[in-house]
1. Residues that are over 16 Å from F142 (Cβ atoms), without any contact (Cβ under 8 Å) to a residue 24 or more places away in the chain and basic (K, R): does region 96-106 have at least one?
2. Pick out, from region 9-50, the strands (runs of 3 or more DSSP E) lying fully within it that include 1 or more residues that are in contact with a helix residue (DSSP H, G or I) (Cβ under 7 Å, 6 or more places away or on another chain) and in the same structural domain as G90 (by TED's automatic domain parsing).
3. Taking S2 and the conditions (1) surrounded by 14 or more Cβ atoms within 10 Å (Cβ to Cβ); (2) without any contact (Cβ under 8 Å) to a residue 12 or more places away in the chain, which numbered condition does it fall short on, given that it satisfies the others?
4. Condition (residue is closer than 24 Å to S12 by Cβ and not in a loop (DSSP other than H, G, I, E, B)) applied to region 131-145: is it met by at least one residue?
5. If you go through region 78-95, how many residues are farther than 20 Å from V138 by Cβ and modelled with pLDDT under 95?
6. Can you pull out every residue in region 108-130 that is under 15 Å from G83 (Cβ atoms), of a type outside the set (A, V, I, L, M) and assigned to a helix (DSSP H, G or I)?
7. Search region 115-141 for residues that are surrounded by 11 or more Cβ atoms within 10 Å (Cβ to Cβ) and modelled with pLDDT under 95 and pair each with any residue that is of a type outside the set (S, T, Y) and part of a loop (DSSP other than H, G, I, E, B) when their beta-carbon atoms are under 9 Å apart and the residues are at least 6 apart or on different chains.
8. Pairs needed: first member in region 33-49, over 10 Å from S21 (Cβ atoms); second member anywhere, of a type in the set (A, V, I, L, M, F, W, C); C-beta distance under 7 Å; at least 6 residues apart or different chains.
Amino acid sequence: MSTDPKTFHVQSVSESGIQTSWISHLPNKNQPEIKMSIPPEFEGPGDGYSPEDLYALALINCFIATFKFVAEKSRLEFKNITGNAELSVGLGDKKSPWMQKLEVNIILSGAPQAERALNLMEKTKKNCMIINSVNTEVIFHFHVEA
């Protein structure tokens with residue numbers, strides 16, 4: 001990767017009210033809009049993706065994207081990778097809400113070289129840019145199936 005900064009553009013538009021959902025999208029790409037909403041845990045309708053959902057998805061998908069890159073460059077073959085995560089939101093030291101912990105289960109299927117795959121998953125964990133950019137405790141559980 002070059003040292004030049006990369007830029008990514010996103011846009012969200014909403015009307016007022018915590019019960020009102022809104023739309024987010026990528027203005028420079030031909031991708032579908034996604035419906036956003038405040039989750040019921042915070043008095044919202046919960047009828048779309050919440051910022052908390054996207055946060056957890058960003059972390060888990062950064063791991064998957066980075067692993068795919070590392071595996072391909074290392075010539076590690078596998079059939080598929082599945083990630084499941086649970087995000088815990090709590091109150092921090094200053095009594096303000098924050099993303100406390102993300103517990104991630106990664107299942108790698110169709111990987112005949114289990115020990116090598118586990119080593120590459122550990123390498124991925126250390127090199128995932130989004131995970132390295134957050135203060136959230138991220139706990140990984142890796143499983144490899146032949």
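The values are calculated or read from the model by the stated rules, or taken from the named source; none is laboratory data. Note that the structure is predicted; figures quoted are calculated from it, not measured. No Cβ is skipped: glycine too gets one built from the backbone with ideal geometry, and neighbour counts run over all protein chains shown.
1. No, there is no match, as no residue in region 96-106 is over 16 Å from F142 (Cβ atoms), without any contact (Cβ under 8 Å) to a residue 24 or more places away in the chain and basic (K, R).
2. none
3. Condition not satisfied by S2: (1).
4. There is at least one residue in region 131-145 that is closer than 24 Å to S12 by Cβ and not in a loop (DSSP other than H, G, I, E, B).
5. 2
6. Selection gives T124, K125.
7. none
8. E33/I23; E43/I18
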